[in-house]
Number of protein chains: 2
Amino acid sequence: MKKVKDIPSCLDCTNAKTCILKKLPPEEMEKIEYEKGVHFYKKNNIIYREGNRNNGFYCINSGIVKLYKTGLEGKEQIIRFAKAGNIIGYRSILSGELACTTAKTIEDTTACFISAYKLTEMVTKYPVFAMELMKLTCKELGESNKYILDIAQKTVRERLAEILLLLIDNFGVDSENILQIFLTREELANMVGTATESVIRLLSEFKSDNIIELKGRKIKILNLQQLQRLGSY
Amino acid sequence: MKKVKDIPSCLDCTNAKTCILKKLPPEEMEKIEYEKGVHFYKKNNIIYREGNRNNGFYCINSGIVKLYKTGLEGKEQIIRFAKAGNIIGYRSILSGELACTTAKTIEDTTACFISAYKLTEMVTKYPVFAMELMKLTCKELGESNKYILDIAQKTVRERLAEILLLLIDNFGVDSENILQIFLTREELANMVGTATESVIRLLSEFKSDNIIELKGRKIKILNLQQLQRLGSY
DNA sequence: ATCAAAAGTTGATTTTTTTTATTTTTTTTG
DNA sequence: CAAAAAAAATAAAAAAAATCAACTTTTGAT
């Protein structure tokens with residue numbers, strides 16, 4: 001007897017450790033189970049757009065989403081990535097503003113959709129959840145503030161090193177020390193806040209300094225310590 | 001019959017319109033009245049330091065505070081300003097982290113101090129307050145994210161124009177169109193994220209383009225429209 | 001498998017911005 | 001009020017990064 005696979009259930013979600021929804025009491029979890037929607041997105045699809053009014057938020061079940069703002073002439077500035085267990089799209093609901101970023105998948109992604117109404121209800125009804133969500137938001141705010149400092153004061157080289165370290169932290173490396181997120185050079189540039197050519201050039205430099213090894217979009221970390229020195233992490 | 005002046009009371013605080021504490025029920029306001037501390041700071045004094053563990057937050061009663069991160073070689077990056085009616089220092093309490101910025105007065109300032117314990121109590125007990133605080137945090141997050149885009153993609157000239165517009169929004173102009181916050185060129189540079197000399201040069205340019213007029217730290221706005229065009233606001 | 005499009009690479013050039021150095025002005029304070 | 005300190009202004013040189021242009025490789029769709 002086989003259960004309908006692929007449709008994620010909050011109750012036995014494998015992202016339980018990191019997911020904020022687990023801070024809700026079990027009876028509430030069950031209710032959400034009925035009310036939520038489950039959405040599938042192919043790679044490179046937009047979940048919501050900067051400027052939209054979100055009427056709900058998303059809990060990533062699997063896949064990776066990039067959150068970016070669009071600048072003049074359409075250049076993307078990646079603000080952060082979201083992976084399994086993370087929530088996205090809640091900021092604008094809580095602030096009563098329009099979405100400040102566009103959310104686009106960079107891998108096939110499954111996400112649960114929970115309505116804005118439900119979110120405010122959860123915050124109002126469950127102080128533990130409210131505190132936890134507040135904690136999450138405040139951490140994000142701290143990270144954004146750090147980002148401001150970095151972009152304002154560090155060189156492109158330092159920032160690239162730091163971004164690589166951040167990605168290692170976030171997505172880890174496999175047994176061969178290969179970073180487990182595969183971004184285009186352009187996406188890396190859009191994180192660092194620089195031109196694609198600059199990223200290419202610097203990656204080559206890191207390679208000739210034996211800090212990394214490149215194979216297409218795969219980045220193998222050869223010398224973490226030196227990378228940390230470069231990013232003054 | 002004269003009351004003790006200078007000691008601000010939440011109950012008849014003149015910043016009532018903007019202050020988040022006003023979202024608490026009256027009986028709670030009265031309690032805070034007894035429990036809070038009132039602190040006075042001279043110009044250029046530090047309220048708390050980046051890396052500190054804050055055991056409370058501050059509600060600015062009068063004055064202006066700059067919140068900045070310190071980068072390599074001690075260069076400040078101003079993240080935002082706080083004025084009467086704003087609260088500072090709450091982020092690290094809620095995230096359980098260390099303070100991510102230093103708070104320093106740029107004018108004589110009076111601030112009320114409320115303990116971390118009280119803050120969590122307020123969030124847990126009063127959903128309306130919790131929602132309002134969440135809203136505030138999420139707005140701040142949106143602003144920080146916008147800042148990232150600007151610093152990453154705009155030129156120094158555009159950023160300076162935009163910072164001036166932001167300051168006008170925040171602190172207003174008097175009847176003579178003079179911006180009502182008086183920053184050093186260095187502080188402006190620390191907001192824009194550039195060298196002091198660049199700010200000086202660009203301000204001179206703005207002046208010769210009849211966009212602004214300078215008299216020491218006083219900046220008179222002559223052509224708001226053109227400033228907006230420059231900052232693509 | 002082939003073709004077109006997208007992504008990646010490289011070198012040369014130009015622009016922007018920072019740094020350094022020096023002078024002038026303003027502000028502070030004894 | 002005057003000396004000292006801090007801030008502002010200006011110019012020139014150096015460095016960092018962006019842009020431009022040409023070309024190669026990879027990827028995805030038919």
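The values are calculated or read from the model by the stated rules, or taken from the named source; none is laboratory data. Keep in mind the model is a prediction, meaning the values are calculated, not measured. Here the Cβ positions follow ideal geometry from the backbone for every residue, glycine too, while neighbour counts run over all protein chains shown.
Among the criteria (1) surrounded by fewer than 19 Cβ atoms within 10 Å (Cβ to Cβ); (2) within 14 Å of DNA strand D (Cβ to nearest atom), the one A:I163 does not fulfil is (1). Would you check if A:A189 is surrounded by fewer than 17 Cβ atoms within 10 Å (Cβ to Cβ), within 12 Å of DNA strand C (Cβ to nearest atom) and in the same structural domain as A:Q225 (by TED's automatic domain parsing)? Taking the combined requirement at face value, the residue does not satisfy it. As a summary of the residue check, A:L183 satisfies the conditions (1) more than 13 Å from chain B (Cβ to nearest Cβ); (2) without any contact (Cβ under 8 Å) to a residue 12 or more places away in the chain except for the one numbered (2).
Being on the phi > 0 side of the Ramachandran plot and either more than 10 Å from DNA strand D (Cβ to nearest atom) or within 13 Å of chain A (Cβ to nearest Cβ) (or both) is the requirement here; does B:G231 meet it? The answer is no for B:G231. Among the numbered conditions (1) surrounded by 18 or more Cβ atoms within 10 Å (Cβ to Cβ); (2) farther than 27 Å from A:E73 by Cβ; (3) touching an Asp or Glu at 6+ places or on another chain (Cβ under 9 Å), the only one that A:K139 does not meet is (1). For B:T101, the requirement of being out of contact with any helix residue (DSSP H, G or I) (no Cβ under 6 Å at 6 or more places or on another chain) and either surrounded by fewer than 21 Cβ atoms within 10 Å (Cβ to Cβ) or over 22 Å from B:V192 (Cα atoms) (or both) is not met. Considering (1) touching a residue at least 60 places away in the same chain (Cβ under 8 Å); (2) over 18 Å from A:R91 (Cα atoms), the lone condition that B:G89 does not fulfil carries the number (1). Among the residues of segment B:21-62, those identified as under 17 Å from B:E107 (Cα atoms), in contact (Cβ under 8 Å) with a residue 60 or more places away in the chain and either of a type in the set (D, E, K, R) or surrounded by fewer than 21 Cβ atoms within 10 Å (Cβ to Cβ) (or both) are B:V38, B:H39, B:F40, B:Y41, B:K42, B:K43, B:N44, B:N45.
From the list B:V123, B:V128, B:V65, the lone residue that is farther than 17 Å from B:G193 by Cα, surrounded by fewer than 17 Cβ atoms within 10 Å (Cβ to Cβ) and among the aliphatic types (A, V, I, L, M) is B:V128. Candidates in segment A:196-233 are the residues that are within 30 Å of B:Y147 (Cβ to Cβ) and near DNA strand C (Cβ under 9 Å from one of its atoms); of these, the one that is surrounded by the most Cβ atoms within 10 Å (Cβ to Cβ) is A:V199. So for segment B:196-214 (the condition being touching a Lys or Arg at 6+ places or on another chain (Cβ under 8 Å), in contact (Cβ under 8 Å) with a residue 60 or more places away in the chain and closer than 17 Å to B:E158 by Cα), does at least one residue qualify? Taking every residue of segment B:196-214 in turn, none turns out to be touching a Lys or Arg at 6+ places or on another chain (Cβ under 8 Å), in contact (Cβ under 8 Å) with a residue 60 or more places away in the chain and closer than 17 Å to B:E158 by Cα.
When A:L164 is tested against the conditions (1) touching a strand residue (DSSP E or B) at 6+ places or on another chain (Cβ under 9 Å); (2) over 17 Å from B:G74 (Cα atoms); (3) within 11 Å of another protein chain (Cβ to nearest Cβ), the lone failure is (3). Restricting the search to strands (runs of 3 or more DSSP E) fully inside segment B:23-104 and requiring at least 3 residues that are within 14 Å of chain A (Cβ to nearest Cβ) gives B:64-70, B:76-83. Filtered by the rule that a residue be within 11 Å of another protein chain (Cβ to nearest Cβ), under 24 Å from A:L183 (Cα atoms) and in contact (Cβ under 8 Å) with a residue 24 or more places away in the chain, segment A:105-146 gives A:E140, A:E143, A:S144. Among the residues of segment B:219-233, those identified as modelled with pLDDT of 90 or more and under 24 Å from the mean Cα position of the chain (by Cα) are B:I219, B:K220, B:I221, B:L224, B:L227, B:Q228. Selection over segment B:176-185 of residues that are within 12 Å of DNA strand C (Cβ to nearest atom) and exposed (fewer than 14 other Cβ atoms within 10 Å of the Cβ) gives a count of 1. Here is a check on your reading of the model: is B:K154 buried (at least 17 other Cβ atoms within 10 Å of the Cβ) and within 15 Å of DNA strand C (Cβ to nearest atom)? Here the answer is yes, as B:K154 does meet what is asked. Mind checking which residues of segment B:138-184 are more than 27 Å from A:T194 (Cβ to Cβ) and in a helix (DSSP H, G or I)? B:C138, B:K139, B:L167, B:I168, B:D169, B:N170, B:F171 - these are the residues of segment B:138-184 that are more than 27 Å from A:T194 (Cβ to Cβ) and in a helix (DSSP H, G or I).
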